[in-house]
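Written below as structure tokens is the structure these notes are about.
The values are calculated or read from the model by the stated rules, or taken from the named source; none is laboratory data. Just so you know, these numbers come straight off a predicted model, no measurement behind them. No Cβ is skipped: glycine too gets one built from the backbone with ideal geometry, and neighbour counts run over all protein chains shown.
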Number of protein chains: 2
Amino acid sequence: MKIGELAKRSGLAASAIRFYESKGLLKAASRQSNGYRDYPPEALSLLSIIMDAQQAGFTLDEIKRLLPTDAAVWRHAELMTALRDKVADIEVLEARLAQSKAHIQSLMALIDAKPDDMDCQANAARVLASLGAGREQPD
Amino acid sequence: MKIGELAKRSGLAASAIRFYESKGLLKAASRQSNGYRDYPPEALSLLSIIMDAQQAGFTLDEIKRLLPTDAAVWRHAELMTALRDKVADIEVLEARLAQSKAHIQSLMALIDAKPDDMDCQANAARVLASLGAGREQPD
DNA sequence: CTTGACCTTCAAGCGAACTTTAACCTTATC
DNA sequence: GATAAGGTTAAAGTTCGCTTGAAGGTCAAG
């Protein structure tokens, strides 16, 4: 399989695949007689793994460290540790997102709760005051 | 208030504050006779808002579009729409994170479930096969 | 009157993950 | 044999959100 086909089937750009190779995530593909890269079908699974890992929040460097050069020699303990760590990372992110969401929603509620007799400017002041409260850095 | 104090109290670097000004998030501060920037106390609230918005996932450009140049003239409808959109974005992210987490956890389970009589290499193959399944791009 | 902590500007650098560009080669089709 | 659609490389450019550096001006203390 040439790089264009691999790109199409994986959904990645060919340039991205070459980039991964240059970064050492993919071992250099074998070449056809004309110099074109020639990929085995397994390359597609490997790209899937990389894309999954990325989507899970691993950086390319982390992925590189975890992907075995030789497909059969996984560093089992390291991999499990990394996976566990990443789940913990995700949980931190989830908590932060939940907080941000709550924050935005309370802000929307605050804005909506403008008393009928209050003008926009006063409402803005009220909202701003509530936002600015309690965020000063301690000395 | 000079920039150093504002930096300390907001928790931002002075360079970041200048950067925000250069990007148009902050209107140019007035200057003391020596040319130093001189900030009113409200600058602190404004920085808080910016920091909150960033933490909620707004880019600096989005924040700039939403922050009123004149502190009293909020584009109410636009703001509410942006907030609603951002909550939707956060929910998408939450779903993706949950999926990534589930994915990683099932991967860990799969790895752990290695039959006692299977060697590492065969287990690796089993795990890889399960990972690569069903991800091909439709033509 | 020198030291050091601040402040100023403008320009360049960083890191992540790619993409784009330029210059060139290969293969298939009209 | 011209053209278009692919492939090759190396190097430079992009975006985001800043930081760092160079080359200064300002100000209080010793």
In segment A:9-41, the residues that are within 14 Å of another protein chain (Cβ to nearest Cβ), over 18 Å from A:K64 (Cα atoms) and either near DNA strand C (Cβ under 8 Å from one of its atoms) or not small (G, A, S) (or both) = A:R9, A:A13, A:A14, A:Y39, A:P40, A:P41
Within segment A:39-51, can one find any residue that is of a type in the set (G, A, S) and within 16 Å of DNA strand D (Cβ to nearest atom)?
-> yes
Could you please find all residues in segment A:11-34 being at pLDDT 95 or above and in contact with a Ser or Thr (Cβ under 8 Å, 6 or more places away or on another chain)?
-> A:I17
Do you know which of the residues in segment A:32-63 that are in contact with a strand residue (DSSP E or B) (Cβ under 7 Å, 6 or more places away or on another chain) and surrounded by fewer than 20 Cβ atoms within 10 Å (Cβ to Cβ) is nearest to A:G4 (Cα to Cα)?
-> A:D38
